[in-house]
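This report refers to the structure that appears directly beneath it.
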């Protein structure tokens, strides 16, 4: 495995192709069957009310804002039904840190969904779970266990940004700390749940701080083995307060280099996902030769990135086409990266 010092050197390397070839070689070693997977699911934001006020977010609204909302059950159920009708197998559901929603609200919601639908619920980022525990007066383990027992199947890696507290204090000072983010996933893994890990980079962090993030994820995976995948994506600066400070967006080359180094550094995580949502389909396709073995989701709905003005979209056939054209066999999967033998 790479050392942190070697990873920093690769992130700074001008030889993009050499870094990409190394990641591609490891990708083939880990996945010699030549398959690239993708998912059909939907991102549902059950509320945009949030007291965190992160500088990089254009989606949230403070309590009492005229555009603030909490989805009613009828609307939410309609979105899930539509997802199933379009071949979806999972729901990624996240929201803001709502000051008034305690754990019983989330338990009732999860149980209501499971009574009506047979669908995988991949919900609630670490910051949300830490917040739910706080406003409910509960410990993390009890909070995660109660959500699991109510119907939560797995936990997404959102809210990680950069797992370095110097960065977090600057971009999301009211959100959970690095240690708290990691502890949510540690607890979930110990309770038998699988989770994903993400990294939002390009928010003014140093290369060493990116590597600090990778190191934190790698160490937890060595301890628990509970991460299914790693998803790096780039900060989108438009319409955000942080964008006034960070004036240059990550280039396609820097995205591909960081993706490749992530693949090389995280040998102990099986899957690395390319991001067409932030990068577009062409760069997503290139990423499949820079270490990624998954093309993400068709994503029947996505609101957070779109709030910054990014409008990339992809149909199932478009994802299958770019995968084939990159030299791989496209296969649909479920949220836990199990291939569905439908095609």
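The values are calculated or read from the model by the stated rules, or taken from the named source; none is laboratory data. All values derive from a computational prediction rather than experimental measurement. Methodologically, a virtual Cβ is constructed for each residue, glycine included, from the backbone with ideal geometry; neighbour enumeration extends over all protein chains shown.
Might you let me know whether the stretch 86-103 holds any residue that is under 23 Å from residue 149 (Cα atoms), out of contact with any strand residue (DSSP E or B) (no Cβ under 9 Å at 6 or more places or on another chain) and at pLDDT 95 or above? Taking every residue of the stretch 86-103 in turn, at least one turns out to be under 23 Å from residue 149 (Cα atoms), out of contact with any strand residue (DSSP E or B) (no Cβ under 9 Å at 6 or more places or on another chain) and at pLDDT 95 or above.
Taking the stated definitions as given, is residue 159 out of contact with any strand residue (DSSP E or B) (no Cβ under 6 Å at 6 or more places or on another chain), buried (at least 21 other Cβ atoms within 10 Å of the Cβ) and on the phi > 0 side of the Ramachandran plot? Considered against the rule, which asks whether it is out of contact with any strand residue (DSSP E or B) (no Cβ under 6 Å at 6 or more places or on another chain), buried (at least 21 other Cβ atoms within 10 Å of the Cβ) and on the phi > 0 side of the Ramachandran plot, residue 159 comes out as yes. Considering the stretch 127-142, the residues that are more than 16 Å from residue 99 (Cα to Cα) and assigned to a helix (DSSP H, G or I) include one that is farthest from the chain's Cα centre (by Cα), namely 142. Looking only at the stretch 163-176, residues that are surrounded by 23 or more Cβ atoms within 10 Å (Cβ to Cβ) and modelled with pLDDT of 95 or more come to 1 in all. The residues on offer are 19, 49, 70, 35, and the sole one that is in contact with a helix residue (DSSP H, G or I) (Cβ under 8 Å, 6 or more places away or on another chain) and surrounded by 15 or more Cβ atoms within 10 Å (Cβ to Cβ) is 19. The single condition from (1) surrounded by 15 or more Cβ atoms within 10 Å (Cβ to Cβ); (2) under 26 Å from residue 117 (Cα atoms) that residue 78 fails is (1).
Whenever a residue of the stretch 77-88 is on the phi > 0 side of the Ramachandran plot and touching a residue at least 40 places away in the same chain (Cβ under 8 Å), its partners that are surrounded by 14 or more Cβ atoms within 10 Å (Cβ to Cβ) and part of a helix (DSSP H, G or I), lying with C-beta atoms within less than 8 angstrom and at least six residues away or across chains, give the pairs 87/316.
Of the numbered criteria (1) modelled with pLDDT of 95 or more; (2) under 16 Å from the mean Cα position of the chain (by Cα); (3) crowded, with 22+ Cβ neighbours inside 10 Å, the one residue 290 fails is (2). Only a single criterion out of (1) under 24 Å from residue 51 (Cα atoms); (2) surrounded by 22 or more Cβ atoms within 10 Å (Cβ to Cβ); (3) at pLDDT 95 or above; (4) more than 16 Å from the chain's Cα centre (by Cα) is not satisfied by residue 179, namely (2). From the list 150, 160, the one residue that fits, being within 22 Å of residue 98 (Cβ to Cβ), in contact with a helix residue (DSSP H, G or I) (Cβ under 8 Å, 6 or more places away or on another chain) and modelled with pLDDT under 95, is 160. One residue alone among 267, 301 is in contact with a helix residue (DSSP H, G or I) (Cβ under 9 Å, 6 or more places away or on another chain), in a loop (DSSP other than H, G, I, E, B) and modelled with pLDDT under 95, and that residue is 301.
Within the stretch 167-216, work out how many residues are in a helix (DSSP H, G or I) and on the phi > 0 side of the Ramachandran plot. Of the residues in the stretch 167-216, 0 are in a helix (DSSP H, G or I) and on the phi > 0 side of the Ramachandran plot.
Residue-by-condition table, conditions (1) closer than 19 Å to residue 279 by Cβ; (2) buried (at least 23 other Cβ atoms within 10 Å of the Cβ); (3) within 19 Å of the chain's Cα centre (by Cα); (4) modelled with pLDDT of 95 or more:
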{"position": "184", "(1), (2), (3), (4)": "no, yes, yes, yes"}
{"position": "193", "(1), (2), (3), (4)": "no, no, yes, yes"}
{"position": "210", "(1), (2), (3), (4)": "yes, yes, yes, yes"}
{"position": "221", "(1), (2), (3), (4)": "no, no, yes, yes"}
{"position": "238", "(1), (2), (3), (4)": "yes, no, no, no"}
{"position": "256", "(1), (2), (3), (4)": "yes, yes, yes, yes"}
